[in-house]
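Working notes for the structure below.
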Amino acid sequence: MVLDLQPVLPLMYISVTVRLPWSGLRGGVEAMPKLQGFEFWSRTLGGARHVVAPMVDQSELAWRLLSRRHGAQLCYTPMLHAQVFVRDANYRKENLYCEVCPEDRPLIVQFCANDPEVFVQAALLAQDYCDAIDLNLGCPQMIAKRGHYGAFLQEEWDLLQRMILLAHEKLSVPVTCKIRVFPEIDKTVKYAQMLEKAGCQLLTVHGRTKEQKGPLSGTASWEHIKAVRKAVAIPVFANGNIQCLRDVERCIQDTGVQGVMSAEGNLHNPALFEGRSPAVWELAEEYLDIVRQHPCPLSYVRAHLFKLWHHTLQVHQQLREELAKVKTLEGVVAVNQELKLRCQEDISRQKEGEEPSGGLPFFHWICQPYLRPGPREGSKENGGARSKRALEEEEGGTDVLSKNKQKKQLRNPHKTFDASLKPKYAKCDQCGNPKGNRCVFNLCRGCCKKRAFREAADCPGHGLLFKTKLEKSMAWKGAQSRPQESQPAGSGEPGGLPEVVGSALA
């Protein structure tokens, strides 16, 4: 593979020349005109109805191949950062260029971006490895708010129009979008129509607002999705409330969408689109075999198994600790074997007519959906939604550690979370962070640096010497600007330096 990257002024697009084996090209037909709308969905995507969502660190190649074996007809890559994709060759190699896999098609690559030029540059680098480029307009997480992308762009319609229009003009593959809804159906419909007019060829609608996340996820609105489907002339995928194949069929019937996308449901049961619920260790074994052929970070593997084994790990909690501590793929395989043995023992002890415990639809060793618990009703008394930390403190109190803190204590048994035992630090006068003990301004290092620079002062406690360096600089400039004195007679040996210059250099 040879990449010839050439900046083209004034917009600095990247021209890409890619030499790949025939199987790596988009269907092997480079000169075909770009398909649009329903023709793109039916011909390029094969009329896909069962779709695996883009999931950060979770929809990697190995998991996509497992999902395709069990009924998924279209997959998305994890969300990729457009700016990092453009500047970092290793990032491109790790996330997309690693190998050509003919079984992993059709495939849509998803980017987050907030700049039209950067988005198009990244898309140009990716377009020969996929069937479409998707713009993430649905991520509701805090990192998306800080980075100004995902669902936090949904009010900036002018910017989104420019991004989609530019990508539609410059790319050889269609551009698609994944969005979240507004509380108002009318505004959601206008939003979708704006994206369609700009050049979006397929729209995925997650029926939740950007505020609906974590414990406050609630139920996705299929009414919003249905209204969008009626209002646009491009294919629409629905996302939200999909836990089993029956939900898929009901969603298509109720909303009229062309396909249904699953994220959480797929993670807990990759065979969801087959309508099967196999034993958890069976799918784990199959996934681990694929990872041997198509390696991925062990953290991805561990995260998948925590989801896949969620209900079983509530029963056999020691296996949770073993999975958290394991450092190799073979170690993970051993934990899966141990889980299989314990589940088989549970099956052998099962009594005739016994019902699953904990209100589950199936016994814990069967793949099944996980229903995320909502906030307690008591939170309504305090004006509705509360922060994740507030909910955690309400649930655990001060005596019970959160799961995250339990993991930290497992790694370091001497670690304490008792606030009364933590050392007390004097606070910075400006920002409240711990101040430097020897700071002349009684500030933290960050605030001290700003003040010392502004006032051209020194703070030996933080090792900041702006005043000293300025004085030295002024002295040197003064020495340089003095007129050079003539050399005394008899001292003009070849190579000699004037006295003033010599002293300055000294």
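Per-structure values
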| item | result |
| --- | --- |
| Test result for ARG64, in contact with a strand residue (DSSP E or B) (Cβ under 6 Å, 6 or more places away or on another chain), at pLDDT 95 or above, under 22 Å from ASN241 (Cα atoms) and outside any loop (DSSP other than H, G, I, E, B) | yes |
| Residue selected from segment 78-110 under the condition in contact with a Lys or Arg (Cβ under 8 Å, 6 or more places away or on another chain) and part of a loop (DSSP other than H, G, I, E, B), by the criterion most open to solvent (accessible area, probe 1.4 Å) | GLU103 |
| Filtered residue count, segment 154-173, keeping only those that are open to solvent by 70 Å² or more (accessible area, probe 1.4 Å) and aliphatic (A, V, I, L, M) | 1 |
| Qualifying residue in segment 329-342 (condition: at pLDDT below 95, open to solvent by 30 Å² or more (accessible area, probe 1.4 Å) and among the β-branched types (Val, Ile, Thr)) | no |
| Test: residue in segment 177-188 that is surrounded by fewer than 16 Cβ atoms within 10 Å (Cβ to Cβ), in the same structural domain as LEU267 (by the TED database) and closer than 28 Å to GLU39 by Cβ | no |
| Candidate set from segment 39-62 (those that are aliphatic (A, V, I, L, M) and under 15 Å from THR176 (Cβ atoms)); member that is surrounded by the fewest Cβ atoms within 10 Å (Cβ to Cβ) | ALA48 |
| Residue, surrounded by the most Cβ atoms within 10 Å (Cβ to Cβ), within segment 198-220, restricted to residues that are farther than 19 Å from TYR149 by Cβ and out of contact with any helix residue (DSSP H, G or I) (no Cβ under 8 Å at 6 or more places or on another chain) | ALA220 |
| Odd one out for TYR149, checked against (1) under 23 Å from the mean Cα position of the chain (by Cα); (2) crowded, with 17+ Cβ neighbours inside 10 Å; (3) in contact (Cβ under 8 Å) with a residue 40 or more places away in the chain | (3) |
| Hits in segment 121-146 (condition: open to solvent by 10 Å² or more (accessible area, probe 1.4 Å) and either over 17 Å from the mean Cα position of the chain (by Cα) or not assigned by the TED database to the domain that holds LEU203 (or both)) | GLN121, LEU124, GLN127, ASP128, TYR129, ASP131 |
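The values are calculated or read from the model by the stated rules, or taken from the named source; none is laboratory data. Predicted model, so just to flag it, every value in this text is computed and none were measured. Please note: Cβ atoms are built from the backbone with ideal geometry, for glycine as well, and neighbour counts cover all protein chains shown. Note: areas computed on protein heavy atoms with side chains; ligands, DNA, RNA excluded. Shrake-Rupley method; radii C 1.70, N 1.55, O 1.52, S 1.80 Å.
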